[in-house]
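Beneath this line is the structure, given in structure tokens, with notes to follow.
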Amino acid sequence: MPELTKRLTEGVEGKWKAYLRFFIAKLRVFSLVTSVAICLYFVARVIILSFSDYTPVEKFFGLLLLAGETFMLAHALGYMVNVFNLRGAERAAPRIVPEKGAEPWVAVIVAARHEPRDILESTLITFRNLNYPHKNIYLLDDSSDRRFQEEADELGRLHGVTVFRRDARHGAKAGIVNDFIAGMGEKYLAVFDADQNPMPDFLDEIIPFLEGDPKLAFVQTPQFYSNIDDSPVAMGAGMQQAIFYESICEGKQQNDAMFCCGTNVVFRRPALVSVGGFDEGSITEDFATSVKLHSAGFRSLYYPHVKVFGMGPDTLPAYFKQQARWSAGTVSVFMKVLALLPRSPGALTPMQWVEYFLAGTYYFVGWAFFFLMISPIVFLLFGIPSFFLRPEIYIATFVPYFSLSLLVFYATMHERFYTVKQIATGLILGSLCFPVLMKSTLLGAFGRRMEFVITTKGGRERFDWKGLWPYGVMLGLNVAAIAVGALRFRHAPYPVGVNMFWAAYHALILSNIFRFNNPDREAAARG
């Protein structure tokens, strides 16, 4: 009997793998079919809301649900477009390999402020180990604490690195880089964060692209977190990077819409100077500067090969702090992009506008998730709205969109050898960021920065339980909604059952907050 079970299991797994291989081979077709399914579901949702005899309160919550779904549908459609582009002909990138001894000079820089010595030293060592012959290494030290300044000077002497400082602080990282650019003589500028370690052939691979295209402003390479096994947070953050750099960025490259991500990137100095240097008015200076360069007629390139290894956030507070900064800065730049469109519609190509709108609105996903989460709670507790799509229409429109979207997404990730556990960890962690994203995007839209306070215990950052109150409230509401739904299920099994499913799904996601917030227990469990 065990042998028969084993053979049956292997047979099912074999067929599933065969189906998956076929699906991957036809991803371009399936991405197109999924795009059609997305549009059909959106039309059905708009029609039911437009022609339903809802009360004003029902209409309000119906609009919230539609807003959340529209956001998800738009970004799912954008993902399908990127997948479709990936399966088409790749955009050729000219290369000119410099003659030996005639390589252009490159300034390799890391901007640091109060960075731990061991992290900085590791990065500077990898800079020295770059094979490229014509390079100068600079540590842009912006520390105000004398202890960190002395450590930077000592590292400079120890590793033969030039330490650069400025007289007056302005513009944070963008400011000190701009001050450095004003006096540099090198043709190219390679920018790294303090915890990013390039491989020896990094510049050998990148410089030929810049030499081959005088209108190429920068070449961006992936960020790869090497500490994904340290904690569930590190794994989730690493998976989000993988989704972005291994699918989305490659698709953006086909539309000449790849933007700078702040590290692991090489710039053409004259291009930067021509647009006034890095944008100092945003905390995501990389994204803002990319808009300036593209609107000035320069091109960008994404090199989809991992040539740099770095460290991702491994605790929940560190991850939330990172996401708050990225989201607030990205939204503030998006507001500028929005203002640029009516003034200079020809500044970017149509597909560049689309890609910048998708990138600029991404962090509103926190609001979208909240709207989707609150809708089943309101229905189960208060019966709002009074009716939904008919079952046959819901099944005919939602099921194809949802299932095909998941299959295309999973197939693209499976093709790159990521497991279901890794993918799920990344998606759950991203969903749990919704309270942080809701606040930071609101502040970013109004040009204000977000204050962020963390609590440290036992040498590892974590939140006090009271700091997780949004999750406790939403988890309690979902559980209460499920309980009330169970009492109403017999009278209206279709709408109640569907909403109970989504309430249970959201409760499951919310319950993971306690696992992500306890890195010490996870480390102990791994042994």
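Each reported figure results from applying straightforward, stated rules to the coordinates on display, with no laboratory input. Just so we're clear, the structure is a prediction, and the values are computed from it rather than from any experiment.
If you line up the long axis of helix 420-432 against the longest principal axis of the chain, both from Cα atoms, how many degrees apart are they, to the nearest 10?
Long axis of 420-432 versus the principal axis of the chain: about 90 degrees.
Relative contact order of the chain: what whole-number percent is it, with Cα pairs under 8 angstrom and at least 6 residues apart?
18 percent
Please determine, in degrees from 0 to 90 and to the nearest 10, the orientation of helix 2-25 with respect to the longest principal axis defined by the Cα atoms of the chain, where the helix direction is its Cα long axis.
Approximately 60 degrees, to the nearest 10.
Helix 117-128 versus the longest principal axis of the chain: what is the Cα-based angle in degrees, 0 to 90, to the nearest 10?
Compared with the principal axis, the helix lies near 70 degrees.
How large is the helix-only mean residue ellipticity at 222 nm for the chain, computed as the sum of -39500 (n - 2.57) over DSSP H runs with n ≥ 4, divided by its residue count, in deg cm²/dmol to the nearest 500? Don't skip to the answer; put the middle values down first.
Values: 21 runs with 320 residues, N = 527.
Value at 222 nm, helices only: -20000 deg cm²/dmol.
Kindly identify the range 106-216 as rounded, prolate or oblate by the Cα gyration tensor criterion: order the square roots of the eigenvalues as a ≥ b ≥ c, call it rounded if a/c is under 1.5, otherwise compare a/b with b/c, prolate if a/b is larger, else oblate. Show your work: numbers first, answer last.
Values: a/c = 2.20, a/b = 1.40, b/c = 1.57.
Oblate, because a/c is 1.5 or more while a/b does not exceed b/c.
Could I get the Rg over Rh figure for the range 333-418? Both from C-alpha atoms, Rh via Kirkwood, rounded to two places.
Details: Rg = 18.8 Å, Rh = 16.9 Å.
Looking at the range 333-418, the ratio lands at 1.11.
Classify the range 365-495 as rounded, prolate or oblate, taking a ≥ b ≥ c as the square roots of the eigenvalues of its Cα gyration tensor: rounded when a/c is under 1.5, otherwise prolate if a/b is larger than b/c and oblate if not. Spell out each step's value before the answer.
Values: a/c = 1.89, a/b = 1.31, b/c = 1.45.
Taking the square roots of the gyration eigenvalues as a ≥ b ≥ c, the range 365-495 is oblate.
From the convex hull of the Cα coordinates of the range 190-262, what is the mean projected area in square nanometres?
Values: hull surface 22.6 nm².
Orientation-averaged projected area of the Cα hull: 5.6 nm².
Which shape class, rounded, prolate or oblate, goes with the range 45-154 when its Cα gyration tensor gives a ≥ b ≥ c as root eigenvalues, a/c under 1.5 marks rounded, and past that a/b bigger than b/c marks prolate? Let's see the in-between values first.
Details: a/c = 5.76, a/b = 1.89, b/c = 3.05.
Taking the square roots of the gyration eigenvalues as a ≥ b ≥ c, the range 45-154 is oblate.
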